[in-house]
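Peer 1: Here it is: the structure, laid out below.
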Amino acid sequence: MTARPPRTGLYSRRAVIGAGLAFAGAGVFGRGKLAARDLSDFLPLVGVNLAGAEFGTVPGTYAADYMYPTLAEVAYFAALGFNCVRLPFRWERLQPDLYGNFDAAERERLASLVDGIARRGLVTIIDPHNYARRRLRADGWSTDHLIGSQAVPTEAFVDFWRRLAAMFEDNDLTAFGLMNEPFGISAEEWLGIANRVIGEIRKIGAKNWIMVPGTAYTGAHSWLSSGNTVLASVADPLDRFAIEVHQYFDRNSSGTSPLAVSATVGSDRIKAFQDWARKNRLKAFLGEFGAADNPTALRALADICRQMRANADVWLGWTAWAAGPFWPEDYMFNLEPTSAGPRKQTEVLASCARAWRSSARSGPANTIPGKPRS
């Protein structure tokens with residue numbers, strides 16, 4: 001039996017993900033090629049992270065250590081006005097061996113869920129939740145090896161994305177999140193890896209939008225100081241990409257405390273990045289942010305959403321952390337409903353999502369223009 005995390009709302013999201021938790025099963029629907037749509041038809045993208053498939057030890061046992069979210073959860077958040085899901089999962093489980101075939105059962109779980117989300121009219125951002133590293137069968141899954149190392153060459157990551165992109169190139173409601181929160185790698189090294197992967201995705205003919213993170217956990221607050229400004233040189237022949245950043249409200253932006261520094265901390269922390277993105281004619285996406293149920297944090301949650309809506313020339317949208325079936329009831333950022341109904345955080349987010357989507361429909365046509373390159 002795998003160990004559970006402490007039953008307290010103060011533990012970190014990374015610690016929770018690293019522990020195995022129990023779940024209730026999910027159903028899926030059949031698949032087929034979906035009608036072509038452009039991502040701009042869905043702007044702004046406003047939604048939630050549906051966690052679960054990235055949980056637990058590697059490789060782990062399905063139904064004990066990890067699970068994919070249910071379509072019932074997708075329907076719940078869609079009914080609240082959200083139109084986007086960021087879907088974390090683990091590279092090792094989908095492709096147990098470098099350069100090898102995808103695991104058939106894991107491939108079916110991922111493909112079926114993404115197809116079901118699209119058939120409900122929502123966009124999915126698929127998210128290898130690996131922090132720019134992975135574990136290997138050869139050493140008993142005991143060590144995290146950095147992408148670009150001798151153990152996990154860049155070409156292995158390129159191969160992974162070549163196969164993954166081919167799975168979803170016909171699904172126009174699927175965007176590709178290259179990697180969750182790279183760290184321990186320089187921005188220059190990461191840029192080179194990202195550009196290799198983007199080039200391969202386009203080489204196979206996939207036109208899906210791509211979310212490109214920076215290093216140093218892709219924090220918006222530290223974007224300039226971490227050297228991530230080199231990502232102004234992301235090379236995509238189609239210019240169908242956005243820079244993905246994450247931002248939390250606690251003292252060190254780690255998302256490990258329920259205490260928000262102030263009611264404007266989120267919008268304050270993303271501003272320098274936002275200005276940089278606008279100057280470089282880059283689109284941005286806030287892939288993770290979250291708030292606990294306390295007055296200052298809830299005000300900060302609404303404030304950062306208003307900031308992005310007011311700067312829609314930069315922001316494609318956001319996905320809040322976190323929904324999904326594995327979270328303990330008292331996890332501070334849990335967005336799943338209680339027996340009494342939606343949580344306060346979810347209500348704030350849903351209100352912000354509906355307001356932005358409504359104003360976008362009543363305003364100029366939603367388009368994602370090509371980005372002039374200097």
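The values are calculated or read from the model by the stated rules, or taken from the named source; none is laboratory data. This one's a predicted model, so the numbers in the text were calculated from it and none came from an experiment. Note: ideal-geometry Cβ built from the backbone for every residue, glycine included; neighbour counts use all protein chains shown.
Peer 1: Looking only at the range 55-69, which residues are farther than 11 Å from ARG90 by Cβ and either touching a strand residue (DSSP E or B) at 6+ places or on another chain (Cβ under 6 Å) or in a loop (DSSP other than H, G, I, E, B) (or both)?
Peer 2: Restricting attention to the range 55-69, the residues satisfying the condition of being farther than 11 Å from ARG90 by Cβ are 61-64, 67-69.
Within the range 55-69, THR61, ALA63, ALA64, MET67, TYR68, PRO69 meet the criteria.
Peer 1: Right, next: Out of the strands (runs of 3 or more DSSP E) lying entirely within the range 184-291, which hold 2 or more residues that are surrounded by fewer than 17 Cβ atoms within 10 Å (Cβ to Cβ) and at negative phi? Show your work before the answer.
Peer 2: Values: elements: 210-213, 241-246, 284-288.
Qualifying strands (runs of 3 or more DSSP E): none found.
Peer 1: Look at GLY20 and say whether it is within 29 Å of LYS207 (Cβ to Cβ), in a loop (DSSP other than H, G, I, E, B) and either modelled with pLDDT of 95 or more or not acidic (Asp, Glu) (or both).
Peer 2: Numbers: within 29 Å of LYS207 (Cβ to Cβ): no; in a loop (DSSP other than H, G, I, E, B): yes; either modelled with pLDDT of 95 or more or not acidic (Asp, Glu) (or both): yes.
When the stated conditions are applied, GLY20 does not pass them.
Peer 1: A further question on this structure: Out of (1) within 18 Å of GLY317 (Cα to Cα); (2) touching a helix residue (DSSP H, G or I) at 6+ places or on another chain (Cβ under 9 Å), the odd one out for LEU259 is which?
Peer 2: (1)
Peer 1: Ok, one more. Hey, does the range 289-303 have a residue that's among the β-branched types (Val, Ile, Thr), at pLDDT 95 or above and more than 30 Å from ALA63 (Cβ to Cβ)? Break it down stepwise before answering.
Peer 2: From the range 289-303, those among the β-branched types (Val, Ile, Thr) are 296; that's our starting set.
Keeping just the survivors that are at pLDDT 95 or above gives 296.
Okay, now just the ones that are also more than 30 Å from ALA63 (Cβ to Cβ), so 296.
Yes: the range 289-303 contains one or more residues that are among the β-branched types (Val, Ile, Thr), at pLDDT 95 or above and more than 30 Å from ALA63 (Cβ to Cβ).
Peer 1: Tally the residues that are hydrophobic (A, V, I, L, M, F, W, C) and in contact (Cβ under 8 Å) with a residue 60 or more places away in the chain, restricting the search to the range 225-245. If you could, list the steps in order and put the result at the bottom.
Peer 2: Within the range 225-245, the subset hydrophobic (A, V, I, L, M, F, W, C) is 230-232, 234-235, 238, 241-243, 245.
Checking the rest, the ones that are also in contact (Cβ under 8 Å) with a residue 60 or more places away in the chain come to 242.
The number of residues fulfilling the criteria is 1.
Peer 1: Restricting to the range 284-314, name every residue that is touching a Lys or Arg at 6+ places or on another chain (Cβ under 7 Å) and within 14 Å of GLN345 (Cβ to Cβ).
Peer 2: ASP293, LEU298
Peer 1: Inside the range 315-356, can you point out the residues that are aliphatic (A, V, I, L, M), buried (at least 22 other Cβ atoms within 10 Å of the Cβ) and assigned to a loop (DSSP other than H, G, I, E, B)?
Peer 2: MET332, LEU335
Peer 1: Which ones in the range 104-150 are in contact with a helix residue (DSSP H, G or I) (Cβ under 8 Å, 6 or more places away or on another chain), small (Gly, Ala, Ser) and either buried (at least 16 other Cβ atoms within 10 Å of the Cβ) or closer than 24 Å to ALA187 by Cβ (or both)?
Peer 2: Residues satisfying the conditions are ALA111, GLY116, ALA132, GLY148.
Peer 1: Within the range 34-45, take every residue that is of a type outside the set (A, V, I, L, M, F, W, C), at pLDDT below 90 and more than 14 Å from ARG119 (Cα to Cα) and give me the one that is surrounded by the most Cβ atoms within 10 Å (Cβ to Cβ).
Peer 2: Keep residues of the range 34-45 that are of a type outside the set (A, V, I, L, M, F, W, C), which gives 37-38, 40-41, 44.
Next, from what is left, pick out any that are at pLDDT below 90: 37-38, 40-41.
Subsequent filtering for residues that are more than 14 Å from ARG119 (Cα to Cα) retains 38, 40-41.
Values: ASP38: 15, SER40: 13, ASP41: 12.
In this case the residue turns out to be ASP38.
Peer 1: Within the set of pairs 6 or more residues apart or between chains, which connect a residue that is under 22 Å from LEU45 (Cα atoms) inside the range 202-224 to a residue that is among the acidic types (Asp, Glu) and surrounded by fewer than 21 Cβ atoms within 10 Å (Cβ to Cβ) with Cβ atoms less than 7 Å apart?
Peer 2: Within 7 Å, the pairs are ALA206/GLU169; ASN208/GLU169; ILE210/ASP236.
Peer 1: For the range 113-127, what are the residues that are out of contact with any Lys or Arg (no Cβ under 6 Å at 6 or more places or on another chain) and either closer than 15 Å to ALA166 by Cα or assigned to a loop (DSSP other than H, G, I, E, B) (or both)?
Peer 2: The first filter runs over the range 113-127 and keeps only residues out of contact with any Lys or Arg (no Cβ under 6 Å at 6 or more places or on another chain), leaving 113-114, 116-124, 126.
The answer is VAL114, ARG120, GLY121, LEU122, ILE126.
Peer 1: Next question. If we keep just the residues of the range 46-66 that are of a type outside the set (D, E, K, R) and surrounded by fewer than 23 Cβ atoms within 10 Å (Cβ to Cβ), which is farthest from TRP141 (Cα to Cα)?
Peer 2: If we filter the range 46-66 for residues that are of a type outside the set (D, E, K, R), which is where we start, we get 46-53, 55-64, 66.
Pick out the ones that are also surrounded by fewer than 23 Cβ atoms within 10 Å (Cβ to Cβ) and you get 57-64.
On the way: THR57: 9, VAL58: 7, PRO59: 7, GLY60: 10, THR61: 14, TYR62: 16, ALA63: 19, ALA64: 18 Å.
Result: ALA63.
Peer 1: Could you run through the range 292-312 and say how many residues are in contact (Cβ under 8 Å) with a residue 40 or more places away in the chain and part of a loop (DSSP other than H, G, I, E, B)?
Peer 2: Here the count works out to 3.
Peer 1: State all residues of the range 332-342 that are of a type outside the set (S, T, N, Q) and either without any contact (Cβ under 8 Å) to a residue 24 or more places away in the chain or touching a Pro at 6+ places or on another chain (Cβ under 7 Å) (or both); if no residue qualifies, say none.
Peer 2: If we filter the range 332-342 for residues that are of a type outside the set (S, T, N, Q), which is where we start, we get 332-333, 335-337, 340-342.
Within the range 332-342, MET332, ALA340, GLY341 qualify.
Peer 1: To continue, here is another question. Going by the structure shown, is ALA166 modelled with pLDDT of 95 or more, over 19 Å from the mean Cα position of the chain (by Cα) and assigned to a helix (DSSP H, G or I)?
Peer 2: On the way: modelled with pLDDT of 95 or more: yes; over 19 Å from the mean Cα position of the chain (by Cα): yes; assigned to a helix (DSSP H, G or I): yes.
Answer is yes for this residue.
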